[in-house]
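One structure is given here, and the rest of the page talks about it.
The values are calculated or read from the model by the stated rules, or taken from the named source; none is laboratory data. In this text, all values refer to a predicted model and were calculated from it rather than measured experimentally. A quick note on method: Cβ atoms are made from the backbone with ideal geometry, for glycine too, and the neighbour counts reach across all protein chains shown. When the accessible area is computed, the model is the full protein with side chains, heavy atoms only, and any ligands, DNA or RNA have been set aside. Shrake-Rupley method; radii C 1.70, N 1.55, O 1.52, S 1.80 Å.
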Amino acid sequence: MHVADLSPVAFEVLDVGGVVVAAILGGMVARERHFDLVGFMALAIMAALGGGMLRDVLLQQGPPVALTNPHYLRGALAGATIAFLLRLRGKWWNRLLVVADAFVLGSWSATGAVKTLEAGLGIAPAVMLGVITAVGGGMIRDIAVGRTPAIFGGNTLYATCALVATVPAILLWKAGHPSLATIAAAALGGVLCIAARWFKWRLPQNNDYSVATSYARLKAAAADYARARERAAAHSRRRRRGKRRVRRGAASPTNATATDSGPEEC
């Protein structure tokens, strides 16, 4: 049972809509770099179709869908044209594109995972290709303009959200609900991605961390702690010796005066 069997029109509209959104985002990067129209088109196609084409090539289930279905290439070109003609700036445009991109990410994660399962592969390849489908285009786009892909660090859980979105897609597909798999993955991935941007969630970065460095730091910290314990113990012993000397001095009979125990005179 294929993911598009129950509602092929709705599935294609959703998928092509995601292509348009990804192409617009690719075109916005081209605008930042002051590319010409060819650059806009090329970068939009990479961003919108790169992940799906990479997935289809790895699955080896025939030509990539982006080449056999003309709506995908048309959607990418339409997104590039929109980004070329319109300056999509401002708070509300940014919010709209962020929300649309978040739900597209979840939807494409489900598409990649389900297509992998339909090809007869296991859960681990389904998760991997689901993530590749969702973030592969953006990664290719960033490499094409000579910058480090955002998914490699500094972003707000973009690839992590794609990975999490594959979980309900795989579970619902195995339960026999492929349409619900796409909806659930899109909802979970979208909400998680938006929350990560809102709350600035990020994965910890490796600032020159290594096991050897951690062991050396731990050993130095243990040595400092041991020296501190020794100093505290020595200080405690000196205080106890001082208190004993004071008590012995107070109990000695030197300079004591004799007292008269007779009756007092009136």
Filter result (open to solvent by 50 Å² or more (accessible area, probe 1.4 Å) and over 15 Å from Asp142 (Cβ atoms)) within the range 32-45
His34, Asp36, Leu37, Val38
Among the numbered conditions (1) out of contact with any Gly (no Cβ under 8 Å at 6 or more places or on another chain); (2) under 30 Å from Ala175 (Cα atoms), tell me where Val38 comes up short.
(2)
List every residue pair whose Cβ atoms lie under 8 Å apart, where the two residues are 6 or more positions apart in sequence or sit on different chains, the first residue falls within the range 48-67 and is under 24 Å from Leu97 (Cα atoms), and the second residue, located anywhere, is surrounded by fewer than 15 Cβ atoms within 10 Å (Cβ to Cβ) and not hydroxyl-bearing (Ser, Thr, Tyr).
Met53/Leu67
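Taking the condition among the aliphatic types (A, V, I, L, M) and touching a helix residue (DSSP H, G or I) at 6+ places or on another chain (Cβ under 8 Å), does Val57 pass?
no
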Where residues in the range 119-138 are touching a residue at least 60 places away in the same chain (Cβ under 8 Å) and surrounded by 22 or more Cβ atoms within 10 Å (Cβ to Cβ), which of them is farthest from Tyr158 (Cα to Cα)?
Leu129
Report yes if Leu14 is within 25 Å of the chain's Cα centre (by Cα), modelled with pLDDT of 95 or more and closer than 28 Å to Val127 by Cα, otherwise no.
no
Of all helices (runs of 4 or more DSSP H) fully inside the range 52-118, the set with 3 or more residues that are open to solvent by 10 Å² or more (accessible area, probe 1.4 Å) and among the β-branched types (Val, Ile, Thr) is 91-118
